[in-house]
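Trainee: Have a look at this one.
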Amino acid sequence: MRLFKKRSPSNRTAAVAAAVQQAAGDARFVVAEESTVRTARYERDGQPDFETYRRIQNEGNRLKIGFVYAKKRMIATIASHARKHLEVKSILCHGTRNGAELRWFGEEFPEAEILGTDIAESATQFPNTIQWDFHDFRDDWRDRWNVIYSNSWDHAMEPERAFKAWADSLAPGGILYLEHGRAHDVGGTDGLDLFGATREALVEIVRKSTGLVPLGSIGKLHRTRRTLPFRKSAE
């Protein structure tokens with residue numbers, strides 16, 4: 001069972017690939033691929049194996065703890081866009097690893113409540129961060145957050161379930177921001193980043209699974225990197 005390509009477009013290190021392979025153990029790695037979407041999951045006895053999934057995500061996080069995918073310039077662009085559409089009092093970020101985006105959002109919105117989540121055990125080592133599997137919904141988050149941001153949605157094993165939980169957590173009129181770049185596309189998937197989609201396919205998946213309204217794309221970085229905003233009805 002090869003969970004990483006020999007020449008991975010996502011540029012994973014050999015150490016991460018080896019750790020993921022070991023953490024997977026005897027779980028079955030199941031891949032479904034189309035031209036615009038690729039999903040993968042770990043299974044045991046024909047059922048999703050979230051125990052293995054969490055173990056792999058934790059190990060990958062440990063080995064990449066110093067790496068920051070988020071860019072301060074993109075966070076500033078998101079902040080500017082959000083200000084034009086709503087009063088930002090609360091921000092939730094999923095898959096924050098070492099919390100860089102939380103710091104940058106804090107500079108943009110010093111009075112806002114800002115919280116990050118990460119599935120890894122190391123989450124609570126960082127300020128304003130809790131350990132949480134972003135697939136899961138919390139009742140006390142229903143209709144709560146003005147802004148939700150993630151560049152880690154490609155780690156989802158059940159993306160529609162995760163997106164639905166995030167949409168239910170948005171306050172009426174709130175906006176979900178998803179970064180999309182080359183590493184998020186179909187060719188960027190592997191045993192750690194299980195979900196990849198073209199920008200157009202991602203928009204359709206989010207729209208159909210959540211009912212959120214796509215607002216185009218913002219914040220061009222490099223040739224392919226954008227952020228996709230989705231708004232929840234204010235009613």
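The values are calculated or read from the model by the stated rules, or taken from the named source; none is laboratory data. Model, not experiment: these values are computed from the prediction. With ideal geometry, Cβ positions are generated from the backbone for all residues, glycine too; neighbour counts draw on all protein chains shown.
Trainee: Name the pairs: first residue in segment 146-175 and under 19 Å from K208 (Cβ atoms) and touching a residue at least 60 places away in the same chain (Cβ under 8 Å), second residue hydroxyl-bearing (S, T, Y) and assigned to a helix (DSSP H, G or I), Cβ to Cβ under 6 Å, at least 6 apart or on different chains?
Mentor: Qualifying pairs under 6 Å: M157/Y53; A167/T210.
Trainee: While we're looking at this one, here's another question. If N128 satisfies all but one of (1) at negative phi; (2) free of Cβ contacts under 8 Å to residues at least 40 places away in the same chain, what's the number of the condition it fails?
Mentor: (1)
Trainee: Residues of segment 123-168 being crowded, with 22+ Cβ neighbours inside 10 Å, of a type in the set (A, V, I, L, M, F, W, C) and more than 12 Å from the chain's Cα centre (by Cα), which ones?
Mentor: W145, V147 - these are the residues of segment 123-168 that are crowded, with 22+ Cβ neighbours inside 10 Å, of a type in the set (A, V, I, L, M, F, W, C) and more than 12 Å from the chain's Cα centre (by Cα).
Trainee: Do you know which residues across segment 150-181 are more than 21 Å from T39 (Cα to Cα), aliphatic (A, V, I, L, M) and touching an Asp or Glu at 6+ places or on another chain (Cβ under 8 Å)?
Mentor: L170, A171
Trainee: Follow-up. Could you please find all residues in segment 40-99 being closer than 22 Å to D143 by Cβ and of a type in the set (D, E, K, R)?
Mentor: Hits for segment 40-99 are R83, K84, E87, K89.
Trainee: Go through segment 111-125 residue by residue and tally those that are in contact with a helix residue (DSSP H, G or I) (Cβ under 8 Å, 6 or more places away or on another chain) and either without any contact (Cβ under 8 Å) to a residue 12 or more places away in the chain or among the charged types (D, E, K, R) (or both).
Mentor: Number satisfying all stated conditions: 2.
Trainee: On to the next question. Look through segment 111-122, keep the residues that are assigned to a loop (DSSP other than H, G, I, E, B) and either more than 14 Å from the chain's Cα centre (by Cα) or not β-branched (V, I, T) (or both), and return whichever of them is surrounded by the most Cβ atoms within 10 Å (Cβ to Cβ).
Mentor: Among residues in segment 111-122 that are assigned to a loop (DSSP other than H, G, I, E, B) and either more than 14 Å from the chain's Cα centre (by Cα) or not β-branched (V, I, T) (or both), the one surrounded by the most Cβ atoms within 10 Å (Cβ to Cβ) is A120.
Trainee: Please determine, by comparing only the residues of segment 177-233 that are at pLDDT below 95, of a type in the set (A, V, I, L, M) and not in a helix (DSSP H, G or I), which one is surrounded by the fewest Cβ atoms within 10 Å (Cβ to Cβ).
Mentor: Only one residue fits best here, namely L221.
Trainee: Tell me which of these A171 doesn't satisfy, since it passes every other one: (1) outside any helix (DSSP H, G or I); (2) touching a strand residue (DSSP E or B) at 6+ places or on another chain (Cβ under 7 Å); (3) surrounded by 22 or more Cβ atoms within 10 Å (Cβ to Cβ).
Mentor: (3)
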